[in-house]
Amino acid sequence: DDLKDYIDNNENLPANVRNYAKNWLKEGLNDWVLTRDMDWGIPLPLDEAKGKVLYVWVEAFLGYISSAAQWSRETGIKWEDYWNDTAIHFIGKDIIYHHSIFWPGLLKAYGCKLPDNIYAGEFLSLEGEKMSTSKNWVVWIADFVDKFDPDLLRYYLTINAPLNKDTDFSWDDFQRRNNDELADVIGNFLHRTFTFTHKFFDGEIPEYKNPSAEDNKFKEIIEKLPDTVGEYISDFEFRDGLLEIYRVAKIGNKYFNDQEPWKAVKEDMQKAANCLYLSNQLAKTLAYVLKPYIPNKADAIAKIINLTTPDEWKDAKVPLAEGHKINKAKPLFTKIEDDVINKQKEELQKNLKESEDENMSDLISIDDFDKVVIKIGQVKEAEKIEKSDKLLKLQVDIGDETRQIVAGLAKQYAPEELIDRKVTVLVNLQPEKLFGTLSEGMILATGESAALLSPDECEVGERIQ
């Protein structure tokens, strides 16, 4: 009830998190596997669960608290004060269940504040395919920053952010956005502003007076930008905030083109002065509003404008003073050539092929397969294993003997449904104890649904060749 109340009444929860959690609660909370059979890990402290360890996601939750407590010991700051400040969880949609139901449940039991908000991102694929580290079908961050400014990745992943739907990382799209948006729009506006300021006004912010209607409209857009972007960021709508910055930069380019300061200096110097005054004000504002997105480039913009590092958001609305001296400009964004992108795509395919070649070593020979003995069996007895909601203990006739086999079929089949059913059995598997019960083989089934292979036309004891 407490969790239901938390999910129903927390208006900050995004729609995808709320819907997932509400549907699960509506369906009812079923048993969830917390342990696995492994030789290493944190053991379950129960006599009947010897040999079982906790899944990492269970211990990782409480590890957050342990980490905060360790930080508290090292800094002398009470971790409870830190924890009780605004708490936002950023997760992937595949673990919404854990972080919206189990983790808040653990926090409530421990007496800790529940998260103020949980944001779940969707999936990001690569060149239309699911990313895979085992196949090396990934773009490694260390490799990326060796070749490109990390701000380019920050920009692309934000403008292409998978917050509301699955999206794709494409090298071609990365190139397009860098060239068309960063270089041609934002970079072009900044470079022209700084270059013409030095060319016509000795690198000083010109006097602003007798503004036109176009000037007043552009000035209003500049002044609103920090508030608009700030609201988007506060609402965790990061992509929308960056799109607004890009939109205003496009308006800046249009304003600059319409005012034609290169012509106005010969015909109407005040018009040119107003244009470059306002363009520098937007450049200064961009240094601040871009800081959360592309911090290195934001600092570079501030350095050209001759400002300190843009750290205080409120300063974004403080205009540059007339006569303020700016430094000489240099291009902040450069275009990425086709051959550079083609090389990245070739390397991606090469890495995939090398990974596939390496994985060939995992293939077994026909001689190895001959060692595997799979026979047709028939279930003679079936019963549930006490205290397990997943396991059944089966007595299976495999022709020359009857084997006891523990199978994880209890959620899919009632014991009586399996009596006399023919099954496929891996018989030369080393016996193991599962949940304290000896198992002398493995029943073969498919997929998460554990659908049994049904060799009805085969004879009991036949070996699959």
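Observations on the structure shown:
- Qualifying residue in the stretch 185-194 (condition: within 30 Å of Trp140 (Cα to Cα), under 27 Å from the mean Cα position of the chain (by Cα) and in the same structural domain as Ile341 (by TED's automatic domain parsing)): yes
- Restricting the first member to the stretch 225-240 and to residues that are closer than 14 Å to Ala120 by Cα, and the second to residues that are assigned to a helix (DSSP H, G or I), the beta-carbon pairs closer than 6 Å and six or more apart or on different chains are Phe238/Thr158.
- Enumeration of residues in the stretch 188-223 that are acidic (Asp, Glu), without any contact (Cβ under 8 Å) to a residue 40 or more places away in the chain and either in contact with a strand residue (DSSP E or B) (Cβ under 8 Å, 6 or more places away or on another chain) or in a helix (DSSP H, G or I) (or both): Glu220
- Of the listed requirements (1) within 30 Å of Asn10 (Cα to Cα); (2) outside the structural domain of Phe90 (by TED's automatic domain parsing), Asn136 misses just one: (1).
- Listed conditions (1) hydrophobic (A, V, I, L, M, F, W, C); (2) within 22 Å of His324 (Cα to Cα); (3) out of contact with any helix residue (DSSP H, G or I) (no Cβ under 6 Å at 6 or more places or on another chain) are all met by Phe236, apart from (2).
Rundown of residues vs (1) in contact with a helix residue (DSSP H, G or I) (Cβ under 6 Å, 6 or more places away or on another chain); (2) farther than 14 Å from Phe194 by Cα; (3) at pLDDT below 95, yes/no style:
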residue: Ala302; (1), (2), (3): yes, no, no
residue: Thr308; (1), (2), (3): no, yes, yes
residue: Asp315; (1), (2), (3): no, yes, yes
residue: Ala321; (1), (2), (3): no, yes, no
residue: Ala329; (1), (2), (3): yes, no, yes
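- Put simply, of Ser72, Ser100, Ser67 the only residue that is farther than 18 Å from Leu34 by Cβ, crowded, with 16+ Cβ neighbours inside 10 Å and at pLDDT 80 or above is Ser72.
- Screening the candidates Lys147, Lys130, Lys113, Lys209 for the property of being closer than 30 Å to Ile65 by Cβ and surrounded by fewer than 18 Cβ atoms within 10 Å (Cβ to Cβ) yields one hit, Lys113.
- On the stretch given as the stretch 414-463, residues that are within 13 Å of Val379 (Cα to Cα), of a type in the set (Ser, Thr, Tyr) and modelled with pLDDT of 85 or more total 1.
- Inspection of the stretch 385-404 identifies at least one residue that is surrounded by fewer than 17 Cβ atoms within 10 Å (Cβ to Cβ), outside any strand (DSSP E or B), touching a residue at least 24 places away in the same chain (Cβ under 8 Å) and small (Gly, Ala, Ser).
- Selection of the stretch 127-161 for residues being closer than 23 Å to Glu237 by Cα and touching a Ser or Thr at 6+ places or on another chain (Cβ under 9 Å) yields Asn160, Ala161.
- Residue satisfying all of: in the stretch 234-250; surrounded by 17 or more Cβ atoms within 10 Å (Cβ to Cβ) and hydrophobic (A, V, I, L, M, F, W, C); nearest to the chain's Cα centre (by Cα) among these: Phe238
- Residues in the stretch 136-171 that are out of contact with any Asp or Glu (no Cβ under 9 Å at 6 or more places or on another chain) and not hydrophobic (A, V, I, L, M, F, W, C): 7 in all.
- Residue match in the stretch 289-301 (condition: within 19 Å of Tyr208 (Cβ to Cβ) and assigned by TED's automatic domain parsing to the domain that holds Leu190): no
- Segments classed as helices (runs of 4 or more DSSP H), wholly inside the stretch 260-341, with at least 1 members that are among the aromatic types (Phe, Trp, Tyr): 261-267, 269-289
- Taking first residues from the stretch 139-153 that are assigned by TED's automatic domain parsing to the domain that holds Phe333 and under 22 Å from Glu129 (Cα atoms) and partners that are buried (at least 17 other Cβ atoms within 10 Å of the Cβ) and at pLDDT below 95, the Cβ contacts under 7 Å between residues at least 6 apart in sequence or on separate chains come to Val139/Phe169.
- Pairs meeting the criteria (first residue in the stretch 307-329 and touching a residue at least 12 places away in the same chain (Cβ under 8 Å), second residue among the acidic types (Asp, Glu) and part of a loop (DSSP other than H, G, I, E, B), beta carbons under 8 Å, at least 6 apart or on different chains) are Glu322/Glu207.
The values are calculated or read from the model by the stated rules, or taken from the named source; none is laboratory data. These figures come from a predicted structure and were not determined experimentally. Here Cβ is always computed from backbone atoms with ideal geometry, including for glycine, and neighbour counts include all displayed protein chains.
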